[in-house]
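The values are calculated or read from the model by the stated rules, or taken from the named source; none is laboratory data. Keep in mind that this is a model prediction, so the values were computed, not measured. Note that we place each Cβ from the backbone using ideal geometry, even for glycine, and neighbour counts take in every protein chain shown. Keep in mind that these areas ignore ligands, DNA and RNA; they rest on the heavy atoms of the full protein, side chains included. Shrake-Rupley method; radii C 1.70, N 1.55, O 1.52, S 1.80 Å.
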Amino acid sequence: MDPLELTRLDLLWALVRVLLGGMFLRRAWIHPVSSWSDRLLVLALAGVGAGLVFGIVMRFTAVCAAVLLVLMRGNPLVDHRLVFALVVLGIGFTTLGWRYGLGRWWSGTPLVQRHPWLA
């Protein structure tokens, strides 16, 4: 098995485990979220993660991830989130979604043909 495939499967399993953990253990991220802003942040992070894992809407996802990372930064000079934001932008504006994800299939759908910014 390809190491990249194994990594994707691990990430997908972790996402499923965290999402469904609250149904059985009452410890998932869905249960303890208290405010609307926390819920929106969790949904935005889940959307960004799903877009990057599956390789679809890569440019839009990369820009959203970079904005979220920059807004969450702590140290004004050099923070690891700024480095992560640059890495995510690099991933989003290359052809990694086409090579290792569903980007090739996604760009052939009629929706993306009508709205090319979704590619």
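Data overview
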quantity	calculated
Residues located in segment 53-96, provided they are within 19 Å of residue 42 (Cβ to Cβ) and charged (D, E, K, R)	73, 81
Tally of residues being open to solvent by 40 Å² or more (accessible area, probe 1.4 Å) and more than 15 Å from the chain's Cα centre (by Cα) across segment 101-118	11
Tally of residues being within 14 Å of the chain's Cα centre (by Cα), β-branched (Val, Ile, Thr) and open to solvent by 60 Å² or more (accessible area, probe 1.4 Å) across segment 57-90	3
Residue 43, sole failed condition from (1) open to solvent by 70 Å² or more (accessible area, probe 1.4 Å); (2) touching a residue at least 24 places away in the same chain (Cβ under 8 Å)	(2)
Near pairs, Cβ below 7 angstrom, 6+ apart or cross-chain, from segment 91-108 (farther than 14 Å from residue 62 by Cβ) to any residue that is open to solvent by less than 100 Å² (accessible area, probe 1.4 Å) and of a type outside the set (D, E, K, R)	100/4; 100/55; 102/54; 102/55; 102/56; 106/56; 106/112; 107/119
